[in-house]
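The values are calculated or read from the model by the stated rules, or taken from the named source; none is laboratory data. All of these numbers come straight from a predicted model, not from anything done at the bench. Ideal geometry is used to build each Cβ from the backbone, glycine not excepted, and the neighbour counts take in all protein chains shown. SASA here: full protein model, heavy atoms, side chains in, ligands and nucleic acids out. Shrake-Rupley method; radii C 1.70, N 1.55, O 1.52, S 1.80 Å.
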Amino acid sequence: MSRTDILAEGEAYDAGTTERKATRRDRWLTGTTFLAFFLVWVGVTGAGHWPPLIRPIFLPSPLAVWQAFLALLEHGYQGNSLWYHVGISFYRFAFAFSSCVLIGVPLGLLLGMNRTARAILEPPIQAIRPIPKLALLPLFLIWFGIGNTSKIIIIAAPVFPLIVIAAMQAVRSVSTKKIQAARCLGAGNWTVFSRVVLPACLPGIFTGIRMAISIAVTMLVAAELTATSDGIAWMSLTAAEFLSTDIVLVGVVIMAVLGFSLDRMIRAIELRIVHWSGHE
Amino acid sequence: MMIERIELATPDRRAGSKLNLEGLTKTFGAGAEAVQALAPTDIAVTEGEFLAIVGPSGCGKTTLLNIVAGFETPSGGCAVLDGRPIEGPGSERGVVFQQGALFNWMSVLENVAFGPRACGVAPDAARESAQAMLEKVGLGGFVENYPYQLSGGMQQRVGIARALVNDPAILLMDEPFAALDQQTRELLQEEVRGMWRETGKTVLWITHSIEEALFLASHIVVMTARPGRVKAAFRCRFSESPDLLVASTPEFTAAKREILGLLRSESEAAQRQESMI
């Protein structure tokens, strides 16, 4: 062990502790942001102790939203329990999203590896990408009916190309040096793919998946805009027609929690699997 | 004399060569855009030699190594190792890159065991030989770490261990220490010197540092600016000296002057080429 190497180790250790301190500080600041946001909400809605600055019909107090949530838990909404609405929405979301990952990632990897496949499939995928998928909603309703199929497809429509292209780009940006290194160590095509290309792609694929989550949640609202009578977004949309702002907010919060917790979950998986992320 | 001019591609050397490059050329692109990186190059390397190639940047020395490694195909001529023409990469040619070629998703041990595993060695045996090789390069205590947790010098040790563990017929090194700081580089140079003496491996070493070439190599090739070809070749005996401070002797300085003189005009030519672009 040389002296310089040991020094470098020591520096790495110091960098580690400073980093941890910085992370703690960041968490504090993030927490404070949320708290401030909540306090403003309480302040402008009055919380029962002073006259609200904003009328409850526009912005109900946190307490009113909580009570609406409890009432929904007890009585359900328009004939179905709250869990039913959450469940059916989650089913649409999860089915669309997991299909996109299960088909899109392997397809993207294939496009990245194989020039022929890329020539055949990349132009149509790139051509479809800029089309606003909401514009296709009426078409999907005509083609796939008013059942769950059309809803799943409208969610998948923007998510699928995004994941395919993220996986493809990840393959294309794998360092040539690493592939060359594997080859001159005696690795064949399959070993190069499974032990070098695939792991090297994972950070890029995870980034694509996380970007797709927020789009998928947005499209869930679009999917439940018309031709449905269940789902959490549908609950919010119909409640708005009756100016039941508290129920609208319950729906919004549930969807926000869904999107946020999925993002955190995938981030946690990513940190566990892709521990080298950020180191080329 | 510590260095003397020699011919590298004499019939004698060719006859007993380990690595034989005959009329090797490489042109990138085609038509008006074509750039000739390598003019016809003839080099014969015999078993156990440590051949350093020095040249100005862009002279095609890395192209030459890439052809020997099998990463690129020559536009003309041929490269033959142990009587077999080189076609594509193979485990009998170990390559050490400048940096960034380690697999960050594998531990240091897995990185080094990758080669034997890819060549069909059983997992346990592969890990054992990887462990032994890592101890040899002074990384016995870091086998469970990941490459990105190591300093640049340690990463290069892993790269060397990874190339050596396959016991290749020839070791190809592409400016392996160029990105390291001075102290680390000098330390690793001393270790490589010792390792070469111990194992007697045939080495092809690309560098832009004349000192490094003089200190390590048994033979030195000076290349011209693009298109690269052999400008001069030397037999060099500084690497045989037991003195680790041989670089501070007057003979070393004189040898350095001689090669620097050859290289100077080529570097100027290389500069002119770059400013033309």
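Observations, loosely collected:
- One residue stands out in region A:28-71 among those that are among the aromatic types (F, W, Y) and under 25 Å from the mean Cα position of the chain (by Cα): the one that is nearest to A:L243 (Cα to Cα), namely A:F69.
- Some residue of region B:198-214 being touching a Cys at 6+ places or on another chain (Cβ under 7 Å) and of a type in the set (A, V, I, L, M, F, W, C): yes
- Region B:138-161, residues that are part of a loop (DSSP other than H, G, I, E, B) and open to solvent by less than 10 Å² (accessible area, probe 1.4 Å): B:L139
- Tabulated pairs, region B:61-88, first on the phi > 0 side of the Ramachandran plot and without any contact (Cβ under 8 Å) to a residue 24 or more places away in the chain, second open to solvent by 50 Å² or more (accessible area, probe 1.4 Å) and among the basic types (K, R), C-beta under 8 angstrom, 6+ apart or interchain: B:G70/A:R183; B:G88/A:R183
- Out of A:I165, A:I154, A:I215, A:I179, one residue alone is open to solvent by 20 Å² or more (accessible area, probe 1.4 Å), of a type in the set (A, V, I, L, M, F, W, C) and more than 14 Å from every other protein chain (Cβ to nearest Cβ). It is A:I215.
- The residue that is surrounded by the fewest Cβ atoms within 10 Å (Cβ to Cβ), counting only those in region B:162-202 that are acidic (D, E) and in a helix (DSSP H, G or I), is B:E198.
- Looking at A:S229, A:S261, just one residue is more than 25 Å from A:F160 (Cβ to Cβ), open to solvent by 50 Å² or more (accessible area, probe 1.4 Å) and either more than 14 Å from chain B (Cβ to nearest Cβ) or hydrophobic (A, V, I, L, M, F, W, C) (or both), and that residue is A:S229.
- Scan of region B:49-85 for residues that are among the hydroxyl-bearing types (S, T, Y) and part of a loop (DSSP other than H, G, I, E, B), ordered by number: B:S57, B:T73, B:S75
- Taken together, the residues in region B:82-119 that are more than 8 Å from chain A (Cβ to nearest Cβ), among the small types (G, A, S) and either surrounded by 22 or more Cβ atoms within 10 Å (Cβ to Cβ) or more than 14 Å from B:A169 (Cβ to Cβ) (or both) amount to 2.
- Breaking point among (1) part of a helix (DSSP H, G or I); (2) modelled with pLDDT of 90 or more; (3) open to solvent by less than 50 Å² (accessible area, probe 1.4 Å), for B:L263: (2)
- Test: residue in region B:153-161 that is in the same structural domain as B:T63 (by TED's automatic domain parsing) and within 13 Å of the chain's Cα centre (by Cα): no
- In summary, B:M133 fulfils each of the numbered conditions (1) open to solvent by 10 Å² or more (accessible area, probe 1.4 Å); (2) within 12 Å of chain A (Cβ to nearest Cβ) with the single exception of condition (2).
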